[in-house]
Structures are given as C-alpha cells and as structure tokens.
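Visitor: To start, I am sharing the structure in question, which I have written as structure tokens.
The values are calculated or read from the model by the stated rules, or taken from the named source; none is laboratory data. Computed from a prediction, not measured in an experiment: that's the story for all the values here. Quick reminder, even Gly has a Cβ in these numbers, built from the backbone with ideal geometry, and neighbours come from all protein chains shown.
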Amino acid sequence: MMNAPGMAVRPETVIINPPIPYNGQIPSLKVDSLITIQGTISPNVQRFAINLSTSALPNCDIALHVNPRFEGTFVIVRNTYKQGNWGDEERDGPSFPLMPGTPFNCSILVTNECYKIAFNSVHFCDYAHRVNKDLVSYISISGDVNLANISIKGNKEVSQIGMAAFMPQANSPPPPYSPYSHPGMAPGMPPHPGMAPGMPPHPGMAPGMPPHPGMAPGMAPGIGAMVYPPSPPAVPYSAPFPGGMRVGCMIFISGKVKKSPDKFAVDLLFEGGIAFHFNPRLNGSVVVCNTLEGDNWGPEERTSTFPFKAQENFEIIIMCEQDKFKVAVGGRHLLEYKHRIPYQTVTKFSIYGDISLTHVRVQ
C-alpha cells in the first residue's frame, strides 16, 4: 500500500517510493517501536536529514534530527529543535558509515531513555530524549537521497534479529578525527543537481524547518563491522578478509599523510599476487592502480585527480562491485578499477607507505 505525503501511517505500514522531500504522519511512538528508512544516496551528495517532529507545522519541535553531512566535514549530526531554538549538537560516533552513490538503511529504535540509531544494520549511536517521545507524530526526510521505502513497526513486530543491529560493536572504532575539506569532484562527475521544485532551500532540511545553526543560506544492507584492531594500527599493516571478498564489501581506512611523503599503497591480495594495487604517489601527485600476477605487473591506470596532501587526514573507502572496485576519498568518488582477477580470490589486504593509520574497518 502506498501512502501519500501527509497521510496517517498505521503500524506495520510500509511507504513505497516516497517522494523527496517527504513529510508524513506516524503513529504514537512506543518503547521498541522501530522506524526503518531504505534508499540510495546521491553520487553528489552534500547532506540529507531525517527528522521526527511533533507536527507538520513550520517551526514545530523536532525531537530527533539526524543529519549526515558529506560537505566540509564528514559527520552525522544529531540535535533537537525545541521552542524555537536548536540544542547542543552531538557529533561523536564511530567511523562514518555512508558512501555517495550507494544504498543505505537507517533504523531508529525507540527506548524509554533514548533513540538507538543504526546505519546499514550496525549500531551507530544513542540519542537521549530531549522531547517526550509520546509527542512525536511526524517523520520528514529531505536532501540528497532517493527513498525506496519507510517502515514503522510496533513493539510486537520488532524481531530479536532486528534488535541485534542496535547492540554496540565490541570493538568500536575511535571517535572521528579532525574535520577536513573534501577534494574536488572526479573528472566527468556531474555537478550537483539543481533543487527540485518545492525542495527546501537547505539540503537536508524539511519544508518549514528552521535553518540549522552554521548553515549558510542556500546552502547497502550491511553486515556486522569488523575493526582492525581496536587501537590505532601500525604501518605496514595487513589483515585477512573473514569469509573472503564479496560484492558490497567496503573497506574504510582512516589516517594521516606524513610530513615529507613519497607514496603509500593499499593492496588487495590473492594467492598469486595483487588483485588491486591502489598507490597514491605524493611525489608526482598521481594515483596509480594496477594488478600483479606472479612477477608481472599489468598496464597502469592513472588518475590526475589527487586528493591527498602532506600532514592532512584522509578517509579512503574501497567498495567491491560485481565487475569493479570503486574508490572514494573524503566522501567523494575518485575512481573505478575493473576486475582483472576474480574478486572472490582476494583473501587479505595490506597497507604501507608514508602514512599513519587511525583505524581500519571492513563492512
């Protein structure tokens, strides 16, 4: 059953392909109510927002504002708008779990004390209630995403499997490192699309929602994450892929380039060599990619877009697709590398060169 914006949503209802921006009524929240949002993030995302509010009126109280930001900083901001004012932002959390141009799901579990928030079936954070949960009656979603569905389940419909997503990981990554600027767009990447008619002036803000502090005017289902290791790893570093490489696997690598760097590399290894050699060369401002079979290197693939600088933080995301690896740096797509070796043969990875590591996570 499809629900039009503004229609009351009954328990167990799934809203199929809701428009963006979306603003719809929901049943009263109870302990163990579960809201799940599934969709796809725009390749050129700046930000998007999920809001649980007390009404559809402009300037109403927003009990929970979840705001992933890809521009300027790489952070998921949580906050509350109450009686005409924003509260204190909460920004801490594990490694940024989202990637431009990929599917995502966000689940919000209601408890007596807080909202438990998970992304891609992995617990991300808790957010203590600042507005009585019983007053929440609307959900709004806006920004640089396309939605597949929104579901709201009552406490009797939430399974133990669903609850498992909200258990904090035993080896959670450390809090995010210092904010850093995103590199320029990769060649051929389209500019950010214009706002659709009726889109609010602030990406990630619902219609009628008050401007967020600090905003300038005009502005894949996952599995459990594995973190290597719980403390900052030494370089060189290597680790296996539990269960082997698979489609949808993502490697998150956070660290800092050294003061006088030459180069560094990330290698995805198979028994006979290197399936994917990702090699940023600081001495030539070029990223070189290649495959090593036995003792023989293949033809190099190079990109002139170079997002690394000496003494600057970085986050690299490598994602495996059926026919290629995709690489993003600082939340922006950088390159694609067609498989020359079957990805299923990849068993481990290594990181080495003129960098220090903050954390490494495989999801």
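Visitor: With (1) surrounded by 15 or more Cβ atoms within 10 Å (Cβ to Cβ); (2) assigned to a strand (DSSP E or B) as the list, and PHE308 as the residue in question, which single condition is left unmet?
Guide: PHE308 satisfies all of (1) surrounded by 15 or more Cβ atoms within 10 Å (Cβ to Cβ); (2) assigned to a strand (DSSP E or B) except (2).
Visitor: Output the number of the condition that LEU292 fails; it satisfies all remaining conditions of (1) within 27 Å of PRO43 (Cα to Cα); (2) of a type outside the set (Asp, Glu); (3) in a strand (DSSP E or B).
Guide: For LEU292, the failing item is (1).
Visitor: From the list VAL131, VAL145, VAL122, pick out the single residue that is over 21 Å from VAL75 (Cα atoms) and at pLDDT 85 or above. Can you show your working first?
Guide: Values: VAL145 fails: over 21 Å from VAL75 (Cα atoms); VAL122 fails: over 21 Å from VAL75 (Cα atoms).
Only one candidate passes the filter, namely VAL131.
Visitor: Still on this model: What's the number of the only condition in (1) more than 12 Å from ILE139 (Cα to Cα); (2) touching a Phe, Trp or Tyr at 6+ places or on another chain (Cβ under 8 Å) that PHE70 fails to meet?
Guide: Of (1) more than 12 Å from ILE139 (Cα to Cα); (2) touching a Phe, Trp or Tyr at 6+ places or on another chain (Cβ under 8 Å), only one is false for PHE70: (2).
Visitor: Just the residues that are acidic (Asp, Glu) and in contact with a Leu (Cβ under 8 Å, 6 or more places away or on another chain), please, taken from the stretch 52-87.
Guide: Hit for the stretch 52-87 is ASP61, nothing else.
Visitor: Inspect the stretch 273-282 for any residue being basic (Lys, Arg), out of contact with any His (no Cβ under 7 Å at 6 or more places or on another chain) and surrounded by 14 or more Cβ atoms within 10 Å (Cβ to Cβ) and give the result as yes or no.
Guide: yes
Visitor: For the stretch 123-151, which positions are outside any loop (DSSP other than H, G, I, E, B), farther than 15 Å from HIS65 by Cβ and of a type in the set (Gly, Ala, Ser)?
Guide: Those that are outside any loop (DSSP other than H, G, I, E, B), farther than 15 Å from HIS65 by Cβ and of a type in the set (Gly, Ala, Ser): ALA148, SER151.
Visitor: Among the residues of the stretch 153-163, is there at least one that is in the same structural domain as GLY39 (by TED's automatic domain parsing), surrounded by fewer than 18 Cβ atoms within 10 Å (Cβ to Cβ), within 23 Å of ILE62 (Cα to Cα) and at pLDDT 90 or above?
Guide: There is no residue in the stretch 153-163 that is in the same structural domain as GLY39 (by TED's automatic domain parsing), surrounded by fewer than 18 Cβ atoms within 10 Å (Cβ to Cβ), within 23 Å of ILE62 (Cα to Cα) and at pLDDT 90 or above.
One line per residue, one yes/no per condition, for (1) buried (at least 23 other Cβ atoms within 10 Å of the Cβ); (2) of a type outside the set (Val, Ile, Thr); (3) closer than 23 Å to VAL247 by Cβ:
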{"position": "GLN38", "(1), (2), (3)": "no, yes, yes"}
{"position": "ARG47", "(1), (2), (3)": "yes, yes, no"}
{"position": "LEU57", "(1), (2), (3)": "no, yes, no"}
{"position": "PRO68", "(1), (2), (3)": "yes, yes, no"}
{"position": "GLY93", "(1), (2), (3)": "no, yes, no"}
{"position": "PRO100", "(1), (2), (3)": "no, yes, yes"}
{"position": "PRO103", "(1), (2), (3)": "no, yes, yes"}
{"position": "ASN132", "(1), (2), (3)": "no, yes, no"}
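Visitor: Would you call GLY294 in the same structural domain as ALA328 (by TED's automatic domain parsing), within 15 Å of TYR343 (Cα to Cα) and not hydroxyl-bearing (Ser, Thr, Tyr)?
Guide: When the stated conditions are applied, GLY294 does not pass them.
Visitor: Against the conditions (1) within 14 Å of GLU336 (Cα to Cα); (2) out of contact with any Gly (no Cβ under 9 Å at 6 or more places or on another chain); (3) modelled with pLDDT of 95 or more, where does THR303 fall short? Just the number, please.
Guide: (3)
Visitor: Looking at the stretch 259-271, which of its residues are more than 21 Å from CYS249 (Cα to Cα), modelled with pLDDT under 95 and either part of a strand (DSSP E or B) or not polar (S, T, N, Q) (or both)?
Guide: LYS259
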